[in-house]
1. Roughly what would the spin-label model give for GLU436 and PHE86, points 7 Å off Cα along C-beta, in nm?
2. With a cap of 12 neighbouring Cβ atoms within 10 Å, and only residues DSSP puts in a loop, list the trypsin sites (Lys or Arg not before Pro) found in region 924-989.
3. Given a cut-off of 27 Å, name the pairs among LYS298/LYS440; LYS410/LYS956; LYS298/LYS911; LYS606/LYS682; LYS328/LYS454 whose C-alpha atoms lie farther apart than that in the structure shown.
4. Whole-Hz ³J(HN,Hα) for each residue in region 28-45, computed from phi via Karplus 6.51 cos²θ - 1.76 cosθ + 1.60 with θ = phi - 60°, x for glycine and proline: what do you get?
5. What does the extension gain come out to for CYS855 and ASP787, with contour length at 0.36 nm per residue minus their alpha carbon separation?
6. Using the beta-carbon distance between ARG293 and LYS60 and R0 = 56 Å, what value does 1/(1 + (r/R0)^6) give for FRET efficiency, to the nearest 0.05?
7. Considering only the other residues whose Cβ falls under 15 Å of the Cβ of VAL942, what net charge follows from Lys and Arg at +1 and Asp and Glu at -1?
8. Set the Förster radius R0 to 51 Å, insert the Cβ-Cβ distance between THR576 and LEU450 as r into 1/(1 + (r/R0)^6), and round the FRET efficiency to 0.05.
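The values are calculated or read from the model by the stated rules, or taken from the named source; none is laboratory data. Every value quoted in this text rests on a predicted model; they were computed, and no experiment measured them. Cβ atoms come from the backbone with ideal geometry, glycine included; neighbour counts cover every protein chain shown. To get the accessible areas, we keep the full protein, side chains included, count just its heavy atoms, and leave off ligands, DNA and RNA. Shrake-Rupley method; radii C 1.70, N 1.55, O 1.52, S 1.80 Å.
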Amino acid sequence: MDSNLPETSSKNRKIFEGEEISNEAQDGISQLPDNILCHILSLLPTKFAAQTGILSKRWKELWLSVPVIEFQMHLWANYEGNMKAFDRFAKTKIESFTNFLNRLLAVRDTSGIKKFRLVCDHAVDSRCLDNWLSALHNVQELDLQIWVLGEFQWSPFPDNSLEILKLGCGLLLNFPSTVSFPHLKILHLHSTTYAGNASVEKLLSSCPVLEDLQISRTNQDNVTNFVIAVPSLKRLALDFSTNEGELYNEDDYENAVEHKLIITAPNLEYLSLVDYMSDSIQVSSMASVTESRIAVCKILEIDSRTAEQISNYGSNVCGIFRSIPNVKRLSIGEFTMESTSESLDRRLPVFQSLVHLEINLDGVNGAMLLPELLEISPKLESLSLPQGITSPGLMGFNPQENQGISYSWKPPQNVPECLLFSLKNVEIRRITGRVEEEVKLLKYFLENALVLEKITICYEEFEVSGGPMDTTNYPAARRLDDRVSFIDKLMNCAKGSAACQLDVQMPELFFCCTTMAPVTNSASIATSSSKRRKYLEAGKTVESEDRISYLPPEVLCRILSLLPTKYAVGTSVLSTRWKYLWVSVSSYDFDDELLFLPAKHSGEDKCHFLNFVDRVLILQKAPSVKKFRLKCSQEYDTSRINMWISFAIMHDVEELDIRVLMKDSLALPRSFFDCKTLVVLKLSSNLNIGSSLPICFPNLKTLDLCSLDCLDDSLMKKIIAGCPILEELRIKRSALDKIQNLCVQSSSLRRLMLYCCIACPKDHKYSVVIESPCLQFLDLGDYISEDFNVNELSQLSEARLSVAQIYKQSIPSDDYGENLIGNLLCKISNVRRLKLSHHINKSVACALEAGSCLCTYPNLTCLEVELEGSWQFVFDLLESSPNLEVLVCTKVRRCTQIGKGPQVPHCCIWKPPDSIPSCISSRLGKIRLAGFDGCQVEMRLVQYILKSAKFLQELKITSHKLDLKLQSSILKELLLFPRGSVSCQIEFS
C-alpha cells in the first residue's frame with residue numbers, strides 16, 4: 001500500500017501541473033466491462049445512448065447491445081411554429097423516427113431486447129407498430145403511451161415472456177381469444193378503450209400471476225360493467241374520476257345504462273379506489289389489505305334518482321369499508337362518508353389494526369361522523385383532517401352573518417378508546433380560529449387524549465367577509481388579537497397529556513412550537529398587549545440561529561439580486577462573510593428615491609447618488625449583467641447616465657429598464673441600438689430614440705415603451721422590425737408623441753398591450769393596425785382611434801378590451817359600435833377568456849339596439865363584463881357564448897338619468913329572454929355578481945339564473961354598502977329561491 005503512494009501523488013501533481021498523462025488514466029469509464037456499460041446506457045433514452053457511438057471505437061457499436069429501447073417524442077411540447085403547419089412538421093418527425101427504428105431493429109439482435117418503451121403524443125401507423133412488436137421475441141417490459149392510426153391488431157409474443165405491460169393514450173384493446181400472459185405481474189392501463197365488457201374480463205383472465213394493476217378510465221371506454229376478478233392481485237389502483245355528468249343525460253337518466261364495478265381480489269394488500277362513475281360497487285372480502293385510499297361518491301345529484309337507488313349506493317360504500325377490516329393506513333376522500341349516511345345499512349367494521357387515518361370531511365355534514373370513526377378505530381395512533389371540520393369558505397367569517405348556522409361537531413358521550421390509549425399525533429388544517437366549534441374540537445382532543453405527543457394546527461384565512469383581504473371589517477390589529485386569543489384559549493385549557501406539543505402554523509405571523517404542561521386554574525390574560533408578550537415569549541422556544549449565512553455564495557448572490565442595490569450593499573455590515581458578497585451580484589437596481597426623500601433633494605444629495613452608482617459599478621466583479629434598472633426622479637448629468645447605460649451594454653446586459661425624468665430629452669448611446677444580448681427592454685419618460693440610426697435587437701423578447709415623446713409612425717415600425725423574435729410588446733402612449741397610425745406587424749408576437757387613453761388634437765385622425773397572426777393575449781385600451789384594422793387572430797386565447805370615443809366624438813354611436821367595435825369583436829371570436837370594460841359595452845349596446853348582432857364565441861369559457869348600461873347586453877353575450885363556464889359581472893355606476901323621470905338604477909333594466917341561453921342550461925358553473933343592489937329586478941334576475949342554470953356550482957354576490965339588516969333579508973330571500981342545480985353554493989357579502 002505504502003509503495004503506491006508516491007506514484008499516485010506524482011500522477012496528481014502531473015494533473016495539477018498541466019502535464020499530459022495517458023488516455024487510459026483519464027478515461028476510467030471506458031475500462032469498465034461491457035455489461036456494466038450497457039446497464040448504464042440502458043438508463044438513458046435510446047436517442048442519447050446512440051450518440052455515445054461517436055466517443056471512440058470502444059463505444060461505436062456498444063449501444064446496439066443495450067437491452068432497452070426507449071423513445072420519447074413530445075412533438076406538441078417542442079413545436080414553436082404556426083399550428084397550421086404542425087401536421088407537416090409532425091409527419092416529417094414521425095417518418096424520420098420510423099425509418100430510424102426500422103433500421104435499428106434490422107441491424108441488431110432483437111432477442112436481447114428486454115424492455116421496449118415508446119411515448120408519443122402524435123398518431124403512429126398501426127402497421128409500423130405491429131412490425132416492431134413482431135420483432136420483439138424475449139421482451140419482458142412493454143410500455144406504449146401512443147395514439148395508433150388505423151386499426152391495431154394485437155399480436156401475442158411467441159414465448160409469452162412479458163412481465164410488465166403499460167398501455168395508454170387511447171389504444172383500442174381487442175385481444176384475440178388465444179392471448180395469454182402467463183408471466184405478467186404488472187399491468188397499467190391509462191385512458192385506454194376496449195371492445196366491450198368481455199374484452200376487460202378476457203384480458204385479466206389471461207394474467208394468472210398478476211400482482212399490480214392500475215386502471216384509469218375515460219368516459220368513452222365502451223365498458224359499463226367493469227369486472228376485476230384476479231385472485232393473485234396484491235396492489236390495485238383504480239381512478240374512475242370522470243364526472244358523472246359526462247356519462248348521463250340529465251333529462252334522460254332513467255334510460256341511461258347503469259355502470260357497475262365488481263372487485264374480487266382476496267389476496268389484495270393495497271387498494272386505491274377513486275370512483276365517481278359507477279352506480280353500483282360490489283366488493284368481495286379483502287382481509288389482507290393493509291393500506292387503502294377510498295374516494296367514492298356521486299358527483300352529480302340527479303333529481304330523478306330514487307331514494308332506493310341512493311340508499312343502495314350508500315350500502316355499497318359501507319360494503320367497501322366492511323371488506324377491508326384489517327387495514328392499517330386508511331385515507332377517506334371528500335363526500336365519501338356522506339354517502340354512508342344515506343344508507344339504511346350503515347354498519348361499519350371495527351378497524352382493530354388501523355393506526356393512521358386521514359379524513360377529508362365534507363364541510364358541515366361530514367364532521368358529525370368523526371366521533372363514530374374514532375370509536376371504531378381503537379388503536380389509532382395518527383389522525384389527519386386536511387379539510388378541517390367546517391366549511392368557512394362557503395359561509396364567511398362574520399359571526400353576525402353566521403347566526404343560526406349550526407356546525408355538526410358534537411363530542412361523543414363516551415371518550416373513544418383510541419384517545420385514552422393510543423392516539424399520539426393529530427393534524428388539522430384549514431383552521432380559522434374564529435368558529436367556536438373549532439375551539440371545541442381542539443380542546444376536546446387536548447383534554448381527552450391522554451398519550452397525545454403532538455397536535456399540528458394549520459391556520460387558514462379565506463377571501464370572504466372578514467377575511468385577510470377585508471381590511472375594513474377585519475383590520476390587521478384585530479386579526480392579531482383574534483389569533484393570540486385563539487392560541488390563548490388552547491394554552492389555558494386543561495391538558496390530558498403533559499408531553500403534548502402544540503405546533504401552530506399561521507400566515508402573516510411566525511411559527512410557534514410550544515411544549516404545554518397541565519394548567520391549574522391560571523388567571524386569564526387581560527390586555528391585548530400582554531397577550532402579544534405571551535405569544536412572543538412562546539415563540540422564543542424555537543431555536544434561532546443564522547442559517548442563511550451557510551448557504552453557498554451563488555445562492556446568496558441570487559437572493560441579493562432580488563433587492564434594490566441600496567439594500568444589497570447594506571448587507572455588507574452584517575458580518576465578514578457578507579462584507580464583499582454584494583460585489584458579485586449581477587443585477588443592479590438604482591433608485592434615487594431610496595437614497596433620500598424626494599422633498600429634500602439637494603445638490604449634495606444628487607452628488608451622493610452619482611458617486612454611489614459610480615462606486616458600485618467600479619467595484620463589481622460579476623462577468624456579466626443580468627439586469628440593470630435605473631430610476632431617476634431628478635435632473636442629472638446626461639453624460640453620467642449614458643456612461644452607466646454603456647457600462648451595462650458592454651457587460652452583455654440581458655434586461656435593461658431605464659426610467660429617467662429630464663427636462664431635455666436624453667439621447668441614448670450609439671452602442672444601445674445594436675445590443676445583441678438584450679432580452680427585456682423597458683424605456684420610459686423623456687428618452688430620445690434617434691430615427692437616423694439602424695435598430696437591431698436580435699434576441700429581444702419583451703419590449704415596454706411607456707410615455708415616450710419621441711415616437712412617431714415610422715420610428716414605431718422601425719423598432720418593431722428590429723426585433724425579429726419579439727414575443728411581448730407593451731405601449732403606453734404619451735400625449736406629446738407623434739403617432740397617428742399605430743401599426744404593429746410582428747409574426748412572432750405572443751402578447752400585446754396597447755394603451756391610448758390620452759387627450760389628443762381633435763383635427764388628427766388616429767388608427768390602430770394589428771397584424772400578428774401568433775398573438776395569444778391582447779389588452780387594448782383606446783379612447784382616441786377612429787379605425788381598427790385587425791387581421792384574423794386565430795390563436796388568441798385571452799383578450800381585454802376598453803375601447804370607446806371619450807376624447808373624440810367624430811363617429812355616431814351606432815356606427816362606431818357596429819362598424820368598428822363589432823368588427824373588432826368578430827376578429828377575436830376564438831378567445832377563451834374575454835374581459836370587456838363598461839366603455840366598450842356602451843358602444844356595443846347602442847349597436848345592438850339599432851339591430852346589429854354579435855358573432856359567436858365557440859371557445860369562450862370565461863367572460864368578465866363591466867356594466868354601465870342594462871343587463872340586456874349581458875344576455876346577448878350569453879346567447880353568443882354556448883360553452884361559457886365562468887361569468888363575472890361588475891357594476892361600475894349605480895344610477896343614471898333616464899328621460900325626464902327620477903333617477904333609477906340603470907343596470908336594473910332587464911327582461912327574461914324568450915329562450916334560455918344554451919350556456920346557462922348546459923355549461924355555466926361559476927357566477928360572480930359585484931355591485932349588487934338587491935332591487936326587485938336584480939332579485940328576479942338571480943332567481944332566473946338559479947332556476948335555469950342546471951350545472952351551476954358557485955354563485956358569489958357582493959353588494960354595495962348595505963346595512964346588516966338588509967343584507968340578512970336579501971340573503972334569506974336568495975336561499976329560498978328554487979335551484980336547478982342541487983350542488984350550487986351561494987355566497988353573499
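1. Rounded to a tenth, the inter-label distance reads 5.8 nm.
2. Values: sites: LYS926, ARG928, ARG940, LYS947, LYS950, LYS956, LYS961, LYS965, LYS972, ARG979; in loops: LYS950, LYS961, ARG979.
Filter output for region 924-989: LYS961.
3. In this structure, LYS298/LYS440; LYS410/LYS956; LYS298/LYS911 exceed 27 Å between Cα atoms.
4. So the Karplus estimates, Gly and Pro as x, are x, 5, 5, 7, 6, x, 4, 5, 6, 5, 5, 5, 5, 5, 5, 7, 9, x Hz.
5. Details: separation 68, 0.36 × 68 = 24.48 nm, distance 1.94 nm.
That works out to 22.5 nm of additional length.
6. On the way: r = 50 Å, r/R0 = 0.89.
Given R0 = 56 Å and the Cβ-Cβ separation, E is 0.65.
7. On the way: positive: LYS891, LYS911, LYS926, ARG928, ARG940, LYS947, LYS956, LYS972, ARG979; negative: ASP933, GLU938, GLU954, GLU973, GLU987.
Once all neighbours under 15 Å are counted, the net charge is +4.
8. Details: r = 52 Å, r/R0 = 1.02.
After rounding to 0.05, the efficiency reads 0.45.
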